[in-house]
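Structure first, then comments.
Since every read-out is calculated from the coordinates, none of them should be taken as a lab result. Keep in mind that this is a model prediction, so the values were computed, not measured. Positions of Cβ are generated from backbone atoms using ideal geometry, with glycine treated the same way; all protein chains shown enter the neighbour counts.
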Amino acid sequence: MKRGDIYRAHKPEGDPRRHRVCVVVSRQALIDSSYSTVLCAPVFTHGEGISTQVAVGVDEGLKHDSWIMCDNLRSLPKTDLTQFVGTLSSCKLSELDRALRIAVGVD
């Protein structure tokens, strides 16, 4: 598992959907550690194109155009992230970094 990987998680806590696609956003040192959870950004099929959302789609392994929602971060157990979908390109990872900085108010 690495930062920028996209997984399908089964029924994340508090999510009304049976499955939710999520992007791993934790730093690699945490992902590689024995810590049991990672920070993820959920992916939704509808977005508004605001600065805290990143457009993704078939190039990233998804079935259709979608949006990574950086204003809705959640901690998920690593064991729930078993269905690998794809990986963000370095360009998309840079867009994600920018959106995360805006979402948490870090310059």
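Couple of notes before you dig in:
- Isolated cysteines in the chain, defined as those with no second cysteine Cβ under 4.7 Å, comprise 70, 91.
- Of the chymotrypsin sites (Phe, Trp or Tyr not before Pro) found in segment 21-107, those in coil by DSSP whose Cβ has at most 13 other Cβ atoms within 10 Å are 35.
- Annotation: extensible slack from residue 107 through residue 1 equals 35.4 nm (criterion: 0.36 nm per residue apart, minus Cα-Cα distance).
- Spread of Cα-to-Cα distances over 5 Å intervals beginning at zero, given as percent, for segment 1-83: 3, 16, 28, 25, 19, 8, 2, 0
- Segment residue 89..residue 75, full-extension length gain: 2.8 nm, with 0.36 nm per residue of separation and the alpha-carbon distance subtracted.
- Ranking 85, 10, 67 by how far each Cα lies toward the positive end of the dipole of the chain (charges on Cβ) leaves 10 at the top.
- The longest part of the chain holding none of the exposed loop trypsin sites (Lys or Arg not before Pro), meaning those outside H, G, I, E and B in DSSP with at most 16 other Cβ atoms within 10 Å, is 64-107.
- The length gained by stretching the chain between residue 82 and residue 97 to full extension, at 0.36 nm per residue less their Cα-Cα distance, is 3.0 nm.
- The mean sequence separation of alpha-carbon pairs under 8 Å and at least six residues apart, normalised by the residue count of the chain, gives a relative contact order of 29 percent.
- 20 Å Cα cut-off, lysine pairs counted over the chain (separation 8 or more, or different chains): 5
- Seen from residue 56, the other residues with C-beta closer than 10 Å to its C-beta sum to a net charge of -3, counting Lys and Arg as +1 and Asp and Glu as -1.
- Label-to-label distance, nm, for residues given as residue 58 and residue 36 (7 Å Cα→Cβ offset): 4.1 nm
- Computed magnitude of the charge dipole of the chain (debye, nearest 20; Cβ of K, R +1, Cβ of D, E -1): 300 debye
- Of the GluC sites (Glu not before Pro) in segment 28-107, those whose Cβ has at most 16 other Cβ within 10 Å and which sit in DSSP loop: 48
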